[in-house]
Amino acid sequence: MSRALQPDEELVELDAEAVRTWCARALDALGREREEIDAINVYPVADGDTGTNLYLTAEAALQAVEAVSAASAPDTAETVRAMAHGALLGARGNSGTILAQLLRGMAAVLAEGRDGDHLARALAEAASAARQAVAHPVEGTVLTVAAAAAAGCAGGGTLLEVATRAHDAARTALEATPGQLAVLGRAGVVDAGGRGLVAVLGALVETVGGRTPDPAGTAPGAVRVLGDVRAVPAGSPPTCDGEAGPAYEVIYLLEAEDAAVDRLRARLDALGDSLVVVGGDGLWNVHVHVDDAGAAVEAGVDAGRPHRIRITHFGADAAAAKPSGRSGRSGRSEPSGPSGAGPGERARRAVVAVVPGEGLAGLCAEAGATTVRSRPGEPPADDELLEAIRRAHAREVVLLPNDTELRRTAAAAAERARAEGIRVALIPTRAAVQGIAALAVHEPDRRFDEDVVAMTAAAGATRYAELAVAERRSFTSAGVCQAGDVLGLIEGDVAVIGKDLTETARTVLDRMLSAGGELVTLVVADDTPPGLAPDLEGHVRRGYLAVDTTTYHAGAGAPPLLIGVE
């Protein structure tokens, strides 16, 4: 966060730290309003997830900004580009995809200047870029609100003047949306995406002026319709008598040339509606609603290389689509803990994970898992694993050994626990990064078998590597190593022998990513050089457009570096 502004103080320039603060405040604002925005989501599909999608997109933008800030001392241009790129990678739903394009349009101008005049130009470019990204723009939506914000601050001024005028104009436009779009008027609500944009602009006013914008006549959870003020209860989307639309939402990242994307737009437009294609420079985020999800994906394959394909059936239970925790940069939910239980009662389900290092133990424990520490040369015995299963105090337990050599020990502990009436599923994870991937998709409210299948699939889709330092001269599958050499092990076999930890890690990463991947997970130990993880994150950003990175700290007692690629 940037320093707190003093009373009557305002920023003169939007520097890198201010952009970082704005991202954080926007995420906080969307987090506070997420449920209410979800509740008024009736257009283009009344699926009650606009607030959630905006939140997850903003979270991806902030995480990208935090990553580039940790790696160096970035200037404004680098920071706003990271913000836009993170939003593009993490965009969710129709609203999140449009927000990503708005941020991208702003970044192009703010990279050139940081004052109020550039901010006004940035908002104008954002509104234009977002409208161009939508195949069939509709008034009364977030596009209208964005255009009003840009018009409201035309002519420039100080940062605070521009931000305030944009926010006020956006709020005024938002209150008018029920009269512009019939489905909103029938439901008695404002546009959900537009309301999210107002929250983002409010965070900008707070960042440059040090104060929360004044309310505009109605409470944040109410809308003015035909002179009446109507409260919108959170948690239940308003009813809507609109016509049924396509059955599926399809989203994917796409590496493709501009000409191929132009052809893709035409092809997808013929297949469905709510088409939004944002991005550029070879990387795009594609969103469309269709009845034939396979055809939409096939169109992407013909145009280039699609990644992170997400297909959502609108008829599915909306609750199942909601994240149970904060989303990580891969778009998946972060680990959830076992279902709660009262004092003395067994929880319905728990996860027991073997982890190296105190940091990973803390991470998994925060996610609700019961952890067992694995120390170098001291693997836990089956008695220790059995005790951990008992300590989890659940009727159903998922066991993650996270080590190939612990398979038999874990199997023995699971059998003993089953004899005590505990239902135990052993997922044969071979490395800590596979355990993290499994824990990240754990959903205690799913049926046990479904949860185990999802966790097993996530672990199996994660290739793993480890860096170690040779203790003595020996023969390996990659040749002869000397004491002190850095060994890069991929899937348990020595694949690279090097002299420098960073160079070896880069080589290992390149070999793993040559086979494809969407997310790189780095786990670093306490004694790992502090610049290693930021260097590798930058290496991935520069060389692999559609690949995201996330870093965890293992603490003491872990290998220097663990790598996972999904």
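As I understand it, the value is the acute angle between the Cα axis of helix 142-152 and the longest principal axis of the Cα atoms of the chain; what does it come to in degrees, rounded to 10? Tilt relative to the chain: about 60 degrees. Against the main long axis of the alpha-carbon atoms of the chain, helix 76-90 sits at an angle near 80°. A helix-only calculation puts the chain at -14500 deg cm²/dmol for mean residue ellipticity at 222 nm, using -39500 (n - 2.57) for each DSSP H run of at least four residues, averaged over all residues.
As a calculated quantity, the FRET efficiency between ASP258 and ARG348 at R0 = 51 Å, using C-beta atoms, amounts to about 0.50. Restricting region 5-92 to GluC sites (Glu not before Pro) that sit in a DSSP loop and have at most 14 other Cβ atoms within 10 Å of their own Cβ leaves GLU9, GLU13. Converting the Cα gyration tensor eigenvalues of region 489-559 into ellipsoid dimensions via √(5λ) gives semi-axes, longest first, of 19, 15, 12 Å. Each Lys and Arg Cβ is given +1 and each Asp and Glu Cβ -1; about its Cα centre, region 420-493 then shows a dipole of about 200 debye. Sites listed here are trypsin sites (Lys or Arg not before Pro) in region 355-453 whose DSSP assignment is loop and whose Cβ has at most 12 other Cβ atoms within 10 Å: ARG447. The residues of the chain have, on average, 41 Å² of accessible surface per residue, using a 1.4 Å probe with all protein chains present. When the chain is described by a simple charge dipole with +1 on each Lys and Arg Cβ and -1 on each Asp and Glu Cβ, the residue from VAL352, LEU204, THR521 located farthest towards its positive end is VAL352.
Estimated translational diffusion coefficient (Stokes-Einstein, Kirkwood radius over Cα pairs, 4 °C, 1.567 mPa s) of the chain: 52 µm² per second.
Summing +1 for each Lys or Arg and -1 for each Asp or Glu among the other residues whose beta-carbon sits under 14 angstrom from that of GLU78 gives -1. Peptides 300-313, 264-277 ranked from most to least packed by the mean count of surrounding Cβ atoms within 10 Å: 264-277, 300-313.
Solvent-accessible area of the chain (1.4 angstrom probe, protein heavy atoms only): carbon and sulfur portion equals 50 percent. On the basis of the beta-carbon distance and an R0 of 45 Å, GLU298 and GLU139 show a calculated FRET efficiency of 0.85. Between ARG408 and VAL469, the simple spin-label model (points 7 angstrom out along Cα→Cβ) gives 3.2 nm. Each Lys and Arg adds +1 at its Cβ and each Asp and Glu adds -1 at its Cβ; summed about the Cα centre, the chain shows a dipole of about 860 debye.
The heavy atoms of HIS393 present about 80 square angstrom of accessible area, all protein chains included, probe 1.4 Å.
FRET efficiency for the GLU378 to ASP500 pair, using the beta carbon distance and R₀ = 35 Å, is estimated at 0.75. Would you mind checking the tilt of helix 16-39 against the longest principal axis of the Cα atoms of the chain, expressed as 0 to 90 degrees and rounded to 10? Orientation of helix 16-39: about 80 degrees from the principal axis.
The values are calculated or read from the model by the stated rules, or taken from the named source; none is laboratory data. If you're wondering where the values come from, they're calculated on a predicted model, not measured in any experiment. Ideal geometry is used to build each Cβ from the backbone, glycine not excepted, and the neighbour counts take in all protein chains shown. We work out accessible area using only protein heavy atoms, side chains counted, and drop any ligands, DNA or RNA first. Shrake-Rupley method; radii C 1.70, N 1.55, O 1.52, S 1.80 Å.
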